[in-house]
Every structure is written in structure tokens, then in C-alpha cells.
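Novice: So that we are looking at the same thing, I have put the structure below in C-alpha cells.
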Amino acid sequence: MRVLVLGGTAEARGLAAELDSAGDQVLSSLAGRVARPRLPFGEVRVGGFGGVDGLRTVAEQHDAVVDATHPFAAQISAHAAAACTQVPLLRLVRPGWSEEPSWLRVTTHADAALMAARLGQAPFLTIGRQSLHEFVGPLAEHQVLARVVDAPEIAVPPSWQVLLDRGPYVVQDEVALMRSHHVDVLVTKDSGGAYTRAKLQAAAALDLPVVVVRRPPVQPGVSTVADVAGAVEWLRSLP
Ligand code: NAP
């Protein structure tokens with residue numbers, strides 16, 4: 001089979017590896033946001049498609065498309081749904097974290113910023129580089145610890161500390177990090193998965209408030225699976 005995998009996640013790499021080892025022809029597509037991406041097995045292309053029409057052209061050279069992008073990568077998922085009218089499309093998206101009753105859930109990063117500003121003096125931001133600008137205004141005077149994979153493109157306030165790092169993380173280290181920075185509120189988005197879950201356990205251990213940005217809505221009418229095995233099963237069931 002020729003499969004186009006829209007990637008940038010561990011699940012996308014897992015699927016590419018499975019398909020590659022099964023002898024399928026897989027093309028993984030990355031947006032090109034990260035300086036040193038973890039590369040999947042098989043063929044890889046990097047960069048946007050130039051919108052829906054560009055994606056449709058590439059999609060239609062394949063037998064199926066699996067949108068395995070990050071749960072918060074809403075635009076590319078919408079483009080995939082619009083582009084894949086002639087080729088089967090599957091959404092592979094890991095489940096969100098199981099909710100704790102104590103979590104403060106918000107719909108936008110802007111709301112998360114306002115809530116963090118009210119709740120603490122030293123927020124720990126783990127919301128990704130692309131959303132960081134939304135926190136600058138409300139948290140300009142706070143002692144922010146912001147953890148991102150690549151350095152932010154924006155200038156951050158002098159009271160902020162930017163930590164460049166990439167998961168997976170373990171609870172013990174997360175507790176030590178939060179303690180050493182006197183973190184008093186954790187801000188995250190509901191990415192789900194095991195790579196970055198330790199921060200939630202650490203925040204619970206330290207009895208810190210946790211602000212969680214909800215996921216954007218899923219594309220209606222697109223078949224969805226939660227893991228690589230489900231995606232492989234779906235692909236094998238295609239006529
Ligand atoms: P987005 O806002 O949904 O997409 C913006 C544009 O980036 C798309 O319109 C498309 O450009 C291009 N693009 C996105 N993903 C692409 C892919 N896999 N292959 C080719 N082009 C892609 O996406 P985003 O939030 O910037 O995320 C970019 C990538 O990083 C995704 O692939 C995602 O899996 C990964 N990622 C995102 C997050 C996050 O929190 N958003 C976290 C971890 C990893 P054109 O319109 O030109 O085609």
C-alpha cells in the first residue's frame with residue numbers, strides 16, 4: 001500500500017515503522033517546525049503543502065492518508081478532512097489524559113494565561129513554543145518557567161526562564177524541577193500520552209493547581225482510532 005502519514009508525533013513514527021517493516025510504501029510528512037525532528041522510518045517530506053489543494057495533490061498519489069498529527073494541530077487536520085474526498089482518511093490521535101476533578105480546564109491559551117496569572121507567582125508553562133506569545137502579556141511580571149523543545153521566536157520577559165528540553169520525563173525529575181523553581185501552578189494542554197504525563201503526577205504530589213487547555217474539536221465525519229494497532233487494522237480493512 002502507498003500511505004501518506006501526516007506526522008510530527010510518536011504515534012506517526014510508530015505507524016511509519018510498522019508500515020515500513022511490513023513492506024508498505026510510506027511517506028511521512030512533517031511541518032518542519034522543530035529544528036532536529038525525530039525522523040520516522042521510510043520516506044520523509046518536510047514543509048507545508050501550501051493549503052488544501054496542495055495536500056489533495058499529494059494525498060491522491062496514495063491509497064490512504066493517516067492524519068497522525070498532534071491533537072492541537074487543528075489546521076492541518078481540517079485541511080486533511082477537506083482534501084481527502086477521493087482517498088480514505090483516518091485520524092490517529094492518542095486519547096487525552098484522564099481528567100482529575102481538581103484540574104482547571106479552559107478552552108483557550110488566552111484563558112489559561114489569565115487563570116495562571118491569578119493562581120500563582122511562578123507558573124510552569126508546558127504549552128509549546130507556538131502558544132507562548134499568548135502568555136507574555138498576563139504573565140509579564142511573573143517568575144515563569146517555560147519549557148519548550150526549540151527556543152521561542154519571541155522575546156520573553158526578563159523575569160521568565162526558558163528551559164529547552166524534550167520528553168520523555170520521569171516524575172522524580174519533574175518534582176525536583178518544580179521544587180527548584182518554586183513553581184506554584186502548572187499550565188499544560190491536554191496532549192495526552194506517556195511522554196509528558198509525569199508533570200501531572202509531580203504537580204499532584206506537590207499539591208499544585210493544574211490549568212489544562214482543552215483539545216480543539218475533532219473533524220466531524222472522519223474515522224478515528226487511538227493507537228497504531230487501530231490504524232494498521234483500519235488500513236488492512238480497506239478494499
Ligand atoms: P497546524 O496549525 O495544524 O498547521 C499549520 C500549517 O502547518 C498547516 O496548514 C500546514 O501548512 C502545515 N503543517 C502542519 N502539520 C503538517 C504536516 N504534518 N506536514 C506538512 N505540513 C504540515 O499545525 P501546528 O500546530 O503548527 O503543528 C505542526 C506540526 O507539529 C504537526 O505536524 C504536529 O503533529 C506537530 N506538533 C504540534 C504540536 C502542537 O501543539 N500544535 C505539538 C507537537 C507536535 P500548509 O497549509 O502549507 O499545508
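Novice: Would you give the gap between the C-alpha center of region 211-230 and the C-alpha center of region 1-66, rounded to a whole Å?
Specialist: Each part's Cα centre sits 18 Å from the other's.
Novice: What residues have an amide H closer than 5 Å to that of ILE127, excluding those fewer than 5 places away on the same chain, when H is modeled at 1.01 Å from N in the peptide plane?
Specialist: For ILE127, the qualifying residues are ARG147.
Novice: Here is a follow-up. Among PRO239, THR188, ALA78, which residue has its Cα furthest toward the positive end of the charge dipole of the chain, with +1 on Lys/Arg Cβ and -1 on Asp/Glu Cβ?
Specialist: The one lying farthest along the dipole's positive direction is THR188.
Novice: For region 21-103, what's the relative contact order in percent, using C-alpha pairs closer than 8 Å and at least 6 residues apart?
Specialist: On the way: 81 pairs, mean separation 20.3, N = 83.
For region 21-103, the relative contact order is 24 percent.
Novice: Region 81-129 to region 136-200: how many Å between their Cα centroids?
Specialist: Measuring centre to centre over Cα atoms gives 15 Å.
Novice: Now for a different question. When the Cα atoms of region 103-239 are enclosed in a convex hull and the volume is divided per residue, what value in Å³ results? Intermediate results must be reported in sequence, preceding the final value.
Specialist: Details: hull volume 17.5 nm³, N = 137.
Spelled out: Cα convex hull of region 103-239, divided by residues, is 128 Å³.
Novice: Exactly which chymotrypsin sites (Phe, Trp or Tyr not before Pro) in region 97-169 are in a DSSP loop and have at most 10 other Cβ atoms within 10 Å? All intermediate terms of the calculation are to be shown ahead of the outcome.
Specialist: On the way: sites: TRP97, TRP103, PHE124, PHE135, TRP160, TYR169; in loops: TRP97, TRP103, TRP160, TYR169.
Of the chymotrypsin sites (Phe, Trp or Tyr not before Pro), not one in the loops of region 97-169 has a Cβ with at most 10 other Cβ atoms within 10 Å.
Read the figures in this text as sums done on the coordinates, not as results from a lab. This structure is a prediction, so every number in the text was calculated from the model and none was measured. Neighbour counts are summed over all protein chains in view; Cβ atoms, including those assigned to glycine, are modelled from backbone coordinates with ideal geometry.
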